[in-house]
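Comments concern the structure below.
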Amino acid sequence: MDKNTLVGSIESYVDEVWDDVLDDIAALVAIPSVEDMNTAAPGAPWGTGPRRALDEGLAIARRLGLEP
């Protein structure tokens, strides 16, 4: 595959999935993930917000076929 064909394929793929990418970003930034030591617990050493953001990121990764 030559460079132009590869670039065209990548651009097509990005166009195809762009709305999903924006939805995933919106889902992540909607979670208040500021450290809150008052809610720290095992598995959530920086609080529940950061843990929820991590869980959302892992869910996105699994949906995309990645193994976290």
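No lab work stands behind these numbers, since they all come straight from the coordinates. Remember, predicted model here, so these are calculated numbers, not experimental data. Reconstructed Cβ throughout: ideal geometry from the backbone, glycine too, with neighbour counts over all protein chains shown.
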Identify, from the list I25, I60, I31, I10, the residue that is among the β-branched types (V, I, T), in contact with a helix residue (DSSP H, G or I) (Cβ under 7 Å, 6 or more places away or on another chain) and either exposed (fewer than 13 other Cβ atoms within 10 Å of the Cβ) or outside any helix (DSSP H, G or I) (or both). I31
The lone exception for K3 - which of (1) surrounded by 13 or more Cβ atoms within 10 Å (Cβ to Cβ); (2) out of contact with any strand residue (DSSP E or B) (no Cβ under 9 Å at 6 or more places or on another chain) it fails: (1)
